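Notes to accompany the following structure.
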Amino acid sequence: MELLKYISKKSSPKLSDEFSVDFQDFVSICLRKKGGTRLSATELLKHPFTTKFEKINKRHLQKWIKTLH
C-alpha cells in the first residue's frame, strides 16, 4: 500500500535525451497519472512515434526479428 501511495505522489519518470523526442513524448503520454489525460490505444497508434513505422516492410522486419533469437 505504501508503494502505491509513493507512486501516486511522485512525478512520472522522464527518459533521457539519448531517446528520440517522439519516443520521449510517447512514453510520457503513456505514463500520465491523471485520469482522462492518457490517450487511448487507438489514439496512441496515431502518435508520430508509431506512425513512422507503418511503412516498414513486414518481411524485412520478420527476418530481422528471427536474427535476434
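The values are calculated or read from the model by the stated rules, or taken from the named source; none is laboratory data. Computed from a predicted structure; not experimentally measured. All Cβ positions, glycine included, derive from the backbone under ideal geometry; neighbour counts span all protein chains shown. When the accessible area is computed, the model is the full protein with side chains, heavy atoms only, and any ligands, DNA or RNA have been set aside. Shrake-Rupley method; radii C 1.70, N 1.55, O 1.52, S 1.80 Å.
Quick notes on this one:
- Of PHE23, PHE49, all but one fail to be outside any loop (DSSP other than H, G, I, E, B), surrounded by 10 or more Cβ atoms within 10 Å (Cβ to Cβ) and in contact with a Leu (Cβ under 8 Å, 6 or more places away or on another chain); the exception is PHE23.
- Candidates ILE56, ILE29, filtered to the one that is open to solvent by less than 100 Å² (accessible area, probe 1.4 Å) and either at pLDDT 85 or above or among the polar types (S, T, N, Q) (or both): ILE29
- When we screen LEU68, LEU39 for residues that are touching a Cys at 6+ places or on another chain (Cβ under 9 Å) and on the phi < 0 side of the Ramachandran plot, the only hit is LEU39.
- Conditions (1) more than 12 Å from the chain's Cα centre (by Cα); (2) without any contact (Cβ under 8 Å) to a residue 12 or more places away in the chain; number of the one not met by LYS33: (2)
- LEU3 vs. criteria of a type in the set (A, V, I, L, M, F, W, C) and not in a helix (DSSP H, G or I): no
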